[in-house]
Amino acid sequence: MKNVLDVLKERGYVKQVVFEDELYELLGKESVTFYTGYDPTADSLHVGHFVALMAMAHMQRAGHRPVALIGGGTAMVGDPSGRTDMRSMLTKETIQHNVDCFKKQMSRFIDFSDGKAIIVNNADWLCNLNYVDFLRDVGACFSVNQMLTAECFKQRLERGLSFLEFNYMLMQGYDFLELNKRHNCILQAGGDDQWSNMLAGADLIRRKTGKKAYALTFALLTTSEGKKMGKTAKGAVWLDPDKTSPFDFFQYWRNVEDDRVATCMKLLTFMQLDEIAALTAHNDERMNAAKERLAYEVTALVHGNEVADEVLKQVKASFSTDVANMPVAEIFEPANIIDILVKCGQAKSNGEARRLVDGGGVSVNDGRITSYAWTLPAEILSKGEFVLHKGKKVHLRVLIK
């Protein structure tokens, strides 16, 4: 079997590795227990977690054992990495609810049966620590001067960095040490913005136990402009269908930039590399088929094949006369077209709805709407439904209740 580090490199996951030669040898000859951390700051995972989840799945398929560390303890402090301000602190009850939601979503990617992978919560050890003992045992191993050179702290110093957040690196390092003791975990993996914290943990293990420990970071999912992917006008792209509908989720991937399609296929699907190369070889209208395939594969991974099949029918119906399979919206007591657009979720405000009408991008059935005051005629009201078109890509079957 191919060394999983080669697999991860071929698909574009690997960004940085510490003691790479040693780690490569270990991954090639034995089952390695590794962990990736997730702070439960919401009740759903989102696109930003997707790369790490897929990398964990690849590693498990290669015979290695994942530990999904849910940061129930560190979420009570807040990770300053990638932040320009302090995170809101959550209650223990909210954190536990979020942890439960994560477990369910992760199971679509990771096999937790028979101890093949485990989920742990760092609240189990962090929340019971004696602070003085912690400072003496762990704090003595950290240099403040060295910590301040870490990117996650440097970018916050001008705006202000709380001492609460300054403890985060120590806590994450302690997580790695604790997992090493409890589960023989020797590798931490995660997003490249966690590099400084990972190095601190690997170094702490070597200092405290004399054992070797390793760190591996994954490339972040970005647009061609270098911005993190996973945001839309409506906000984050969530894995929870109640937060981001499967239809909107599918459409997000269907509309990625052409030059990102191959990258997303490599990172977010299990498609073979030669198939990806063939599908993305032509920078013309044939890229649309590749985008549709990407959207289907990703949606099937997150929501299941049946949901992906249904969404694909809806998408195809949106560009045809197949009204029965279009996505459905329901409205009650419709007023004018402005009210309809807002109630159907196609405009966030009356002002946005007016701009859509002004731009000529709104139609009902086959008629373009040119007046804000347009209301549903009697024949549509008696039928009880109509098709709302917004631009060339959004087509809804609207039911009148």
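The values are calculated or read from the model by the stated rules, or taken from the named source; none is laboratory data. Computed from a predicted structure; not experimentally measured. Note: ideal-geometry Cβ built from the backbone for every residue, glycine included; neighbour counts use all protein chains shown.
Structure values in brief
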quantity	calculated
The lone exception for Y372 - which of (1) under 23 Å from F247 (Cβ atoms); (2) touching a Lys or Arg at 6+ places or on another chain (Cβ under 8 Å); (3) surrounded by fewer than 17 Cβ atoms within 10 Å (Cβ to Cβ) it fails	(1)
The range 17-54 - residue that is polar (S, T, N, Q) and at pLDDT 95 or above and, of those, surrounded by the fewest Cβ atoms within 10 Å (Cβ to Cβ)	S31
Test: residue in the range 363-374 that is aromatic (F, W, Y) and more than 36 Å from the chain's Cα centre (by Cα)	yes
Residues satisfying the stated conditions in the range 371-393, i.e. in contact with a strand residue (DSSP E or B) (Cβ under 9 Å, 6 or more places away or on another chain) and among the polar types (S, T, N, Q)	S371, T375
Among the candidates V311, V307, residue that is closer than 30 Å to F270 by Cβ and crowded, with 21+ Cβ neighbours inside 10 Å	V311
Selected residue (criterion: surrounded by the most Cβ atoms within 10 Å (Cβ to Cβ)) from residues of the range 55-92 that are modelled with pLDDT of 70 or more and polar (S, T, N, Q)	T74
Residue list for the range 203-224, filter: in a loop (DSSP other than H, G, I, E, B) and farther than 22 Å from A236 by Cβ	G210, K211, K212, A213
Failed item in (1) over 15 Å from P334 (Cα atoms); (2) modelled with pLDDT of 90 or more; (3) in contact with a Phe, Trp or Tyr (Cβ under 9 Å, 6 or more places away or on another chain), with R355 passing the rest	(3)
Positions within the range 180-198 being assigned to a helix (DSSP H, G or I) and farther than 15 Å from V138 by Cβ, in sequence order	R182, H183, D192, D193, Q194, W195, S196, M198
Of all residues making up the range 116-131, the number that are in contact with a Lys or Arg (Cβ under 8 Å, 6 or more places away or on another chain) and loosely packed, with under 15 Cβ neighbours inside 10 Å	1
Boolean, E379 is of a type in the set (D, E), closer than 30 Å to L279 by Cα and not in a loop (DSSP other than H, G, I, E, B)	no
Residue within the range 383-393 that is crowded, with 18+ Cβ neighbours inside 10 Å and touching a Cys at 6+ places or on another chain (Cβ under 8 Å) present	yes
Counted residues, the range 161-193 - those being over 23 Å from L135 (Cβ atoms) and either surrounded by fewer than 18 Cβ atoms within 10 Å (Cβ to Cβ) or at pLDDT below 95 (or both)	6
Pair list, Cβ under 6 Å, 6 or more apart: the range 10-30 residue of a type in the set (K, R), other residue surrounded by 15 or more Cβ atoms within 10 Å (Cβ to Cβ) and in a loop (DSSP other than H, G, I, E, B)	K15/A219
Flag for L135 being out of contact with any strand residue (DSSP E or B) (no Cβ under 9 Å at 6 or more places or on another chain), modelled with pLDDT of 75 or more and not aromatic (F, W, Y)	yes
Residues located in the range 181-205, provided they are under 25 Å from K9 (Cβ atoms) and out of contact with any strand residue (DSSP E or B) (no Cβ under 7 Å at 6 or more places or on another chain)	D193, S196, N197, A200, D203, I205
Filter result (out of contact with any strand residue (DSSP E or B) (no Cβ under 6 Å at 6 or more places or on another chain) and hydrophobic (A, V, I, L, M, F, W, C)) within the range 1-31	M1, V4, L5, V7, V14, L26, L27
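Let's see how each residue does on (1) touching a helix residue (DSSP H, G or I) at 6+ places or on another chain (Cβ under 7 Å); (2) of a type in the set (A, V, I, L, M); (3) over 20 Å from V51 (Cα atoms):
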| site | (1), (2), (3) |
| --- | --- |
| E225 | no, no, no |
| P246 | yes, no, no |
| H282 | no, no, yes |
| H303 | yes, no, no |
| V307 | yes, yes, yes |
